[in-house]
Each structure stands twice: as structure tokens, then as C-alpha cells.
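J.: I'd like to ask some things about the structure below.
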Amino acid sequence: MGTISAIPAFEDNYIWAWRRGDEALIVDPGEAAPVLRWLQAQNLQLRHILLTHHHPDHIGGVAELVRHTGARVHGHGADRHRLPPLDEAVHEGDRLRLLGGEFGVLATPGHTLGHICYHGEGLLFCGDTLFSAGCGRMFEGQPAQYLASLQKLAALPDSLAVCCAHEYTLGNLAFAAQLSPQDQALAGELARVRTLRAEGLASLPSQLGWERRYNPFLRCEDADLAATLGCAGAEPAQVFAAMRKAKDGFRLS
């Protein structure tokens, strides 16, 4: 079995690292310096870099890391014109055998059209498609398309550790609690994460089963959520669109 670690970067990014023996792979290195420090401290050799999408805070450190380590870069073939040079272009349904483990590739358009996620070894590397208790902004996709991507992830095993790319759980849970003010279990999770963050601790990874319970973007068929958003009786994609718009304007107090 491998070991998962979160390497903090920028203000709220996590660069995920999975190690087995003295080798490692990383996901979405927006900057190189924290990864190089971590590799040196752990005495590890970086072998692979997995990319979920093209945004600069996810790919900015790739070139420097390749220069220092010779790591192989994997990313979506359909988006290669917006990614650093790829050693392996991957697509929906591909299986990657890396460091003795195996990871499947899922196309998850919505946040960007070329976004992909990787799952395997008990882990889900979901970039900015799925956040803990939330989802990414819809920069390029359409509501029905993004919702289908989230439903694809939600169909994976509940036990998967959700390794998303940003520490957004507190704000996402506060938004979810605003939508479901009578949900005492949700209020308890908000209090738990508030305490974690006050102590400087990470809220991630979460688990997919937890997300299915508390993430409102995975519950767009919930009639109460639809009513709260002013779209009672609407199709789930319309509920998703309304929820995403409301979240775009939400600010954590």
C-alpha cells in the first residue's frame, strides 16, 4: 500500500503526493519549490506527475520539476494544447499502472472542458471538479454537463479518499448549512471543520460517502434543496445551475 500526503501551496492549494517505497507521484503541481522540499525531506524520487486540468495553479511547477527529476507527465490528450508537454496522453477509461498501483481516468468536464480525474488505490484525485462539500466554478462547461461529471464521481465507491485541490471545506459547509438550516448533522460537521481550521489542520481528504451525505452539489434531486433555491419541481441540472450561481455569490462571514 502507498501513502498519501498533501503538500500545501499558494494560499489554499494542495499538491497531492502518493508514495510507495522510495518513489512518488504528485498531482497538479502549481509550483515546484514545495514539492522539491518535500521530496528532499522524505528522500524520495519523483517518477510521475498527473495533471487534472490546465489552470496555472495546477501546472505552473511542472517544467521545473521535470528539469530536476525527469518525472513523466500524464494529462488529458484532448487538452494537450493547453498543458505542459505530455509523456503520456490519457483519455476516459484508460488505466495507468504507476509505482505498482493502478489508477483509472475519468473525463469530468464542467470546471474546464478538458478536466479529468484519477481514481485507484483507495484515492480520488479530483482536481477542481469536486471539492469537499462543494464543487468548482463552472468556467467552461454547461450545468447538465457538470452535473453528469459529478454524478460519475458520486457513483464510485464510498470509501474513496477525496483528494481535491483546494482547502475550501469550511466555506462550502457554511454554504450547505445555509441551504439546509435544520440539518443538525451538517451543523455538527461545520463545527468540526471550523475547529480543525482554527487549529491550522487540514480538512482533507474527505471520503466519497461523506460527500454523498453532506455535499449539496451531489444532492440536486433533493426537493427541499430545490425549493430553498427557488426552483421547486425543476430538473436536477436546473437545480445545479441555481446552486452554483448562489455559491458564486456566497461569502463566508
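J.: Among (1) crowded, with 22+ Cβ neighbours inside 10 Å; (2) not in a helix (DSSP H, G or I), there is one condition H58 misses while meeting the rest; what is its number?
T.: Result: H58 passes all but (2).
J.: OK, next. Among the residues of region 68-85, is any among the basic types (K, R) and either buried (at least 21 other Cβ atoms within 10 Å of the Cβ) or free of Cβ contacts under 8 Å to residues at least 12 places away in the same chain (or both)?
T.: Yes, region 68-85 contains at least one residue that is among the basic types (K, R) and either buried (at least 21 other Cβ atoms within 10 Å of the Cβ) or free of Cβ contacts under 8 Å to residues at least 12 places away in the same chain (or both).
J.: Out of G93, G101, report the one residue that is out of contact with any helix residue (DSSP H, G or I) (no Cβ under 9 Å at 6 or more places or on another chain), surrounded by fewer than 18 Cβ atoms within 10 Å (Cβ to Cβ) and touching a residue at least 24 places away in the same chain (Cβ under 8 Å).
T.: Details: G93 fails: touching a residue at least 24 places away in the same chain (Cβ under 8 Å).
Every option except G101 fails the conditions.
J.: Still on this structure, please answer the following. Being touching a residue at least 60 places away in the same chain (Cβ under 8 Å) and of a type in the set (S, T, Y) is the filter here; which residues of region 2-19 pass it?
T.: Within region 2-19, just Y14 meets the criteria.
J.: Can you say whether D79 is farther than 20 Å from G249 by Cα and assigned to a loop (DSSP other than H, G, I, E, B), as far as the supplied structure shows?
T.: Taking the combined requirement at face value, the residue does not satisfy it.
J.: Pairs needed: first member in region 230-253, within 16 Å of M138 (Cβ to Cβ); second member anywhere, surrounded by 17 or more Cβ atoms within 10 Å (Cβ to Cβ) and small (G, A, S); C-beta distance under 6 Å; at least 6 residues apart or different chains.
T.: Short answer, once both residue conditions are applied: V239/A226.
J.: Being part of a helix (DSSP H, G or I) and surrounded by 18 or more Cβ atoms within 10 Å (Cβ to Cβ) is the filter here; which residues of region 112-147 pass it?
T.: P143, Y146, L147
J.: Go through the residues of region 91-98 one by one and say whether even a single one is among the charged types (D, E, K, R) and part of a strand (DSSP E or B).
T.: So far as region 91-98 goes, yes, one or more of its residues are among the charged types (D, E, K, R) and part of a strand (DSSP E or B).
J.: Also, I was wondering about something else. Please enumerate the residues belonging to region 162-197 that are surrounded by fewer than 17 Cβ atoms within 10 Å (Cβ to Cβ) and closer than 22 Å to Y14 by Cβ.
T.: Scanning region 162-197 gives R192, R194, T195, L196, R197.
A short reminder: the numbers here are calculations on the coordinates, not readings from a lab. Quick caveat: nothing in here was measured; it's all calculated off a predicted structure. Cβ: placed from backbone, ideal geometry, glycine included. Neighbour counts: every protein chain shown.
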